[in-house]
Structures are given as C-alpha cells and as structure tokens.
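These notes concern the structure reproduced below.
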Amino acid sequence: MAESWSFLDTVECNFRPLVVIELAKGTKEETIEWFTKRIVDKKGDGDVTLIYFLLILPFFKGAQLLIKPLVTENGHENIYLVGASHLRLLLGAETVGLVKECNDNSMRTFTYSSRKTFKDFADDNHNFLTMAECQYIIKHELENLRAKNEKMIPGYPQAKLYPGKSIVRRLLTSGILIQIFPLHDREELKKLRHSWYGRVKVGYQPLDDIRCYFGETIALYFGFLEYFTFALIPMAVIGIPYYVFAWEDYDKYVMFATFNLLWSTVILEVWKRICAILTYRWGTLLMKRQFEEPRSGFHGVLGINPVTGREEPVYSSLKRQLRIYLVSLPFVCLCLYFSLYVMMIYFDLEQWALDYHKENESNFSSLMLYVPSIIYAVVIEIMNRIYRYAAEFLTSWENHRLESSYQNHLILKVLVFNFLNCFASLFYIAFILFDMKLLRQSLATLLITSQILNQFAESLLPYWLQKRHNKRMKKRVCAQKTDSDLSLAEQVNMEKEMGTYLGTFDDYLELFLQFGYVSLFSCVYPLAAVFAVLNNITEIYSDALKMCRVYKRPFAEPTANIGVWQLAFETMSVISVVTNCMLIGMSPQVDALFPDSKIDLVLTVALVEHLLLAIKFIMAFVIPDKPRDIQMKLARLEFESLEALKQQ
C-alpha cells in the first residue's frame, strides 16, 4: 500500500513540546529561517511505501518535525520548541530500532506495519511511546541533519559547511546554537521524586520508573549503584570485627582476603545476570547496535558506507591512528610522569610531617601526620578533573566515527591516569617502603577525603547554586506573569539555566575507584567497605536529587549493559588478587614460615595467587551471563527470524 509524504504534513492541534532549542541572541533571521526549514522539511517527495521510507530515510534533507517559537512578553527570544506528530514518532521509533512488548509478552523490534501486534498500542494512544523515547527520536533526527550542497551557514560565511558535516554540530561550534535539551514533565517528575527519594526508606529504587523518565543508561547506573551497595554489606559486616579484634595479626586476614577475592568475582558475574534481566524487560538487550549512525561530532568527506550503502562522512582510519599514537599517547605518558612527580612530593611532605612529630610529640604534631595525605587527596581530585577535560578534547580531536568508539577511547585514557594517580602512592608504600601503618593511614585518608569532596562537588554545591538561581527566576517570572501560557515559558526559562548532566562517566569512575580502594588492599584496611556502604547510601539520594532538581533532563540513551566499565571492574578484581597475595606474603607471620629460603616464599605466594586466579576464571565461566529463561527467549526470537527469512 502506497503512502504519500503528505500524510505527515498534518500538524496536530494539540502541539506537545518535547525538546527546546536555544539560539544565540542576535541570530540572523536568514539563519533561523534556514535552520527551522531544515527541521520541518520533508524526508522526500512523491509516493513511497512505508518500507521504502525506512530505506531512503537517510538520503533526504529534512527531519520532518514540528517547531514553533516560545512566545513570552518580550517576544520569542530565539527559543524554539520542537515536537512531532504521533505518526512521525512511530516511524522514528522504527528507524532507531526501539524494542517494545508484544501481545504475546515477547519483546520485538517495533515496526509500523506490525504495530497492532504490540501491547497497549492504539492509534489514539499517544502514551505508547514514553516521553523519553519520543525525545530520543527527536534528538536522533536533529543530530542526523547533515549538509548536502551548502557551503556555509546562511548569514555566517565564516561558519563553513561541507557535504556530510553535522549541521547541529557546526551551529554549536560557531556559537549560533546555544543548547538543545529535552523538557521535564513536571507531573511525572513530581511522582518520581516522591517514590525515589521523597522519603527515607529501606528498599529498592523504582528502576522501571527511572527508566521510563530518564532512559536506560541512567536507570542502569542507579541499578548498578544499588546492587553494588547491597553487595558491599557482607564485606562491611565481616570487616568490622577484623578491624576491632585482629588489627596486627596478619595471618587472620588470609580468610578475609580470600573471601574478598571470591566475593569480587561473584558480584560481577551476578550483576551480568541482573543486567540481562533488566535490559530484556526494557527492550534494549535486543536492540541492534552494530550499524550505529556516525556521532554528531564526527566529520569527514561525504562518501558511501560499504556496509549499509548509505551516504555518510568518511574519514581515514590512518589519520586517526596517527593522531592517537603520535599525539594522544605521548600526552598521556607525559601526564602519568607528572602524576608520579607529584606523588614523590607527597612523600617528601610525609617525611617532613614525621620528622616534625618526632621533634615535638604533641597533639598538634599528631594531627599534622594526616595533613600531607589530605592535601594529596585534594590534589589528586584536582588533577583528575583537569586531565578529564584534556582527555575529552584529545578524544574528540581523534575524530571517532561511532559514539561507542569515542567512549571506549575516552574511558581508557581516563582510567589509566586515574588508576595511577589514585593508587600509585599506595603501591609505592606497600611494595617499596613496606610501611603497613602508613599504608592504612594513606588508604583511609584518600578514601574518606575523596568521598567527601565528590559529595560536595557533585551534589551539595550544584544543588545550593541551583536553588539560589531558581528563587531569583521565580521572583522575576512571577512579576511578569500576565497570561496562562507563561507557565511553559517559566519552565523553559528555569530549565535552560540549569546545569547540564554530562552522563554517567564520572559516576561509574567514582564507583570504580571505590571498588579499587575496597578490593586492592582489603587485608590491610577492612573498614574500607564500611565507608563505601555509608557513602553509597548517601550517593543514591544525592544523585537522585541532582537528577531531578539540579540538572536539565538528559536525553535518554538505550543501552544493553554498563559497557566497558564491566571489563574495568573485572580487571580491577584480577589486580586485587595479585596485591592481596603479595601483602599476605609480606606479613611477618607468613615470612616466619620460610626462615631459610625466600625463594620458597615467593614460589608459594605465586602458586596461591595462580590458584585464586584459576578459581576466579572458573567461576566466571561456570556462572552464565544470562539466566536460562532469558537465553530461551532470545533463542526463540532468533529461530523465528530465521524461519521468516526462509519464507521470504
């Protein structure tokens, strides 16, 4: 059955604003006219079938969305609201490959032609797609507006365009486009706040509600944070008596360290299963991501993708590799050297504090022993944040085609630096200085100080600043309130001044470093898990608060797992086996068992370490990544797909 593109021309009488576009003040009229025209332009002309619509979708120039200016008492102020017709959103859901639940309770990729087979679908049910999914579809369409024949942004000859360049990206880098962000749904947000953090309770988070409002990536982070906190409780409960009753008796820590190593393996494998259950229920486990669209920051000459046959920017992989190995790698190595240099300054301060304490022997001198570690912890946090900006710039400059590739290279850069910056001093104290007392002191100081700084910098300070700003905005808007439409203007004006949530990167990084403090030197400082549990309980509430009250609503991003962070946590657990075995081997009690031959001691420790690693890998192999019922459902879907191909 043929359909004309005119079937998307109808503007729904009740326009639903979903996304806000803010242009710079003084933006030229011809630029605004050109940009808004590209947003509302059709995908193509003539009569096409819906299947053909999906095949030719990338080749036409418009996004075929709805847009109107936000009108206030002072005019529209270059702020535009973007929406889409219900039919356009359904076709967009097919384009991005959303997975929805069918009437037979199975999960399948949504197609417009088979829309009647999906649960809760009706032509007049505009809630079939969540608001977060609708905003994700609009973001996808806006990001894939690319230049075809234009040589520049109209009205701005210095803002050059070339075939394949992302229009939104060029507008952002030229300062013409200030920001694009999704609107909050105030009623839904109020309900979510009440069920999420409105009252202090012992229980699970409303992950399904979080997913419906913020998307799978953020919901999965909060699911992992909650799971990791519960998983830390056994370590914390066991660590307290070890800390209280057996502080210096290292042979009693063998059982604790062994439990720690097995625990770190089990929790990561069990998380894979929980993650599979959640993402299957949310539909993202089945989403096909192998043919990702080029990221908005990717640029190159317009060419043909040899896999899809579609036009898209093409960039030489050789140029990218040269940038990585000749610029990025030397820069990272230079930063690592600087981190080690700062670490040696810290040890000079430690020696000065120790000498000062020996000379004075007072309460003040005892407190001074902790000052170098506190200063070093603050310096570490500052260096981590500065390096993060440099790593983002370099990774963007490397010009990765896919968002997943960009994220993987960024995470690798940041993890290497953060690991060395945070843990190098602890390794140096443990295996060069052999000072267990200083190791305990430094570990406790670094852990507690970093947690306090993170809570303050990530949640308390932004919340306080945002609360002050909201009070000023409410006073200003209330003084101007003259018509009923101003409530939307008030909401937009308040939200556009909010901070931008930069993603779950920093949140996962904080948990990764915390996992390192808990697992790497568990036999030296068993209380690390206790402080981690206390921090994570407050982290759940403070992160929920900042998502709902401090930051703009982020765009939803489908995901099937926590990505490369799973590998990062598993790598940390392997390193923890080595460090704990070495620490136990260095203890006086174990050393006394081999008075004549240190070689036998080294061989024994190495043997135990290899056995523990073997047990870890066997457990990882034996525990399936997906529960049996999920495996069966996935196998059935694969079988049905093959049968459908045979019939064709």
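The values are calculated or read from the model by the stated rules, or taken from the named source; none is laboratory data. Small disclaimer: the values here were computed from a predicted structure and weren't measured. With ideal geometry, Cβ positions are generated from the backbone for all residues, glycine too; neighbour counts draw on all protein chains shown. We work out accessible area using only protein heavy atoms, side chains counted, and drop any ligands, DNA or RNA first. Shrake-Rupley method; radii C 1.70, N 1.55, O 1.52, S 1.80 Å.
For LEU302, what residues show an amide H to amide H distance below 5 Å, using hydrogens built from the backbone and excluding near sequence neighbours?
Correct list: VAL314.
Where does the chain land at 222 nm, in deg cm²/dmol rounded to the nearest 500, when only DSSP H runs of n ≥ 4 count, each adding -39500 (n - 2.57), divided by all residues?
-20000 deg cm²/dmol
Which residue, chosen from LEU322, LEU447, ALA159, occupies the Cα position most advanced towards the positive end of the dipole of the chain, where the dipole is computed from +1 (Lys, Arg) and -1 (Asp, Glu) charges on Cβ about the Cα centre?
Checked the options; the winner is ALA159.
Just flag the trypsin sites (Lys or Arg not before Pro) in the stretch 356-412 sitting in loop per DSSP whose Cβ has no more than 15 other Cβ atoms within 10 Å.
none
Amide H of ARG146: which non-local residues (sequence gap of 5 or more, or other chain) have their own amide H closer than 5 Å, using H built in the peptide plane?
Under 5 Å from the amide H of ARG146: ILE167.
Measure out, as a whole number of angstrom, how far apart the alpha-carbon centroids of the stretch 556-607 and the stretch 261-286 sit.
For the stretch 556-607 versus the stretch 261-286, the Cα centre distance is 24 Å.
Accessible area of the stretch 290-438 with a 1.4 Å probe: how many percent of it is carbon plus sulfur?
68
Taking 0.36 nm per residue of separation and subtracting the Cα-Cα distance, what length does fully extending HIS357 through ASP625 add?
Net length gain for the segment: 91.1 nm.
Return the distance in nm (one decimal) between the two label points of a simple spin-label model at ILE274 and ASP600, each offset 7 Å from Cα along Cα→Cβ.
4.5
Pop out the ³J(HN,Hα) list for the stretch 106-117 in order, Karplus 6.51 cos²θ - 1.76 cosθ + 1.60 with θ = phi - 60°, rounded to Hz; leave Gly and Pro as x.
Using θ = phi - 60°, the values come out as 8, 9, 9, 5, 6, 10, 5, 5, 10, 4, 5, 7 Hz.
Which entries in LYS68/LYS165; LYS28/LYS319; LYS42/LYS546; LYS151/LYS413 show an alpha-carbon gap greater than 31 Å?
Too far apart for the 31 Å limit: LYS28/LYS319; LYS42/LYS546; LYS151/LYS413.
Per residue of the stretch 318-328, what does 6.51 cos²θ - 1.76 cosθ + 1.60 with θ = phi - 60° give for ³J(HN,Hα)? Whole Hz please, x for Gly and Pro, Karplus curve as stated.
5, 4, 5, 5, 5, 5, 5, 8, 9, 10, 5
Quick one: if you stick a label point 7 Å off each Cα along the C-beta vector at ILE345 and SER365, how many nm between them?
Distance between label points: 2.7 nm.
For the stretch 171-240, give the percent of accessible area contributed by carbon and sulfur heavy atoms, probe 1.4 Å, rounded to a whole number.
61
Considering only the other residues whose Cβ falls under 9 Å of the Cβ of LYS272, what net charge follows from Lys and Arg at +1 and Asp and Glu at -1?
0
Count neighbours as other Cβ atoms within 10 Å of each site's Cβ, and list the trypsin sites (Lys or Arg not before Pro) in the stretch 141-231 that are DSSP loop with at most 11 such neighbours.
LYS151, ARG199, LYS201
State which stretch of the chain is the longest one without any exposed GluC sites (Glu not before Pro), exposure meaning a DSSP loop state and at most 13 other Cβ atoms within 10 Å.
Between exposed loop sites, the widest span is 74-247.
With θ set to phi - 60° and the Karplus curve 6.51 cos²θ - 1.76 cosθ + 1.60, what are the ³J(HN,Hα) couplings of the stretch 587-593 in order, to the nearest whole Hz, using x for Gly and Pro?
5, x, 5, 5, 4, 5, 6
Once you list every other residue whose beta carbon is under 14 Å from the beta carbon of LYS646, what net charge do they have if Lys and Arg are +1 and Asp and Glu are -1?
-3
Compute the separation of the alpha-carbon centres of the stretch 97-173 and the stretch 622-648 and state it in Å as a whole number.
Centre-to-centre (Cα) distance: 28 Å.
Between ARG636 and PHE393, what length comes free when the chain is fully extended (0.36 nm per residue of separation minus the Cα-Cα distance, one decimal in nm)?
Stretched fully, the ARG636-PHE393 segment lengthens by 83.0 nm.
How far, in nm, would the chain grow between ASN103 and VAL578 when pulled straight, counting 0.36 nm per residue and subtracting the alpha carbon separation?
Additional length available on full extension: 165.9 nm.
Which helices of the chain meet both criteria: a Cα extent of 27 Å or more along the helical axis and a mean Kyte-Doolittle score no lower than 1.6, with helices taken as whole DSSP H segments?
598-622
What is the distance in Å between the Cα centres of the stretch 347-413 and the stretch 507-526?
So the two Cα centres are separated by 16 Å.
Hey, can you find the accessible area per residue of the stretch 117-268 for me, probe 1.4 Å, expressed in square angstrom?
44
Could you check what % of the DSSP bridge pairs in the chain are antiparallel, to the nearest 5?
Roughly 95 percent of the beta bridges in the chain run antiparallel, per DSSP.
Which longest uninterrupted range of the chain lacks any chymotrypsin sites (Phe, Trp or Tyr not before Pro) assigned by DSSP to a loop state (not H, G, I, E or B) and surrounded by at most 12 other Cβ atoms within 10 Å?
Within the chain, the longest run free of exposed chymotrypsin sites (Phe, Trp or Tyr not before Pro) spans 435-648.
What is the local net charge at THR173, summed over the other residues whose Cβ is closer than 15 Å to its Cβ (Lys, Arg +1; Asp, Glu -1)?
So the surrounding residues net to +4.
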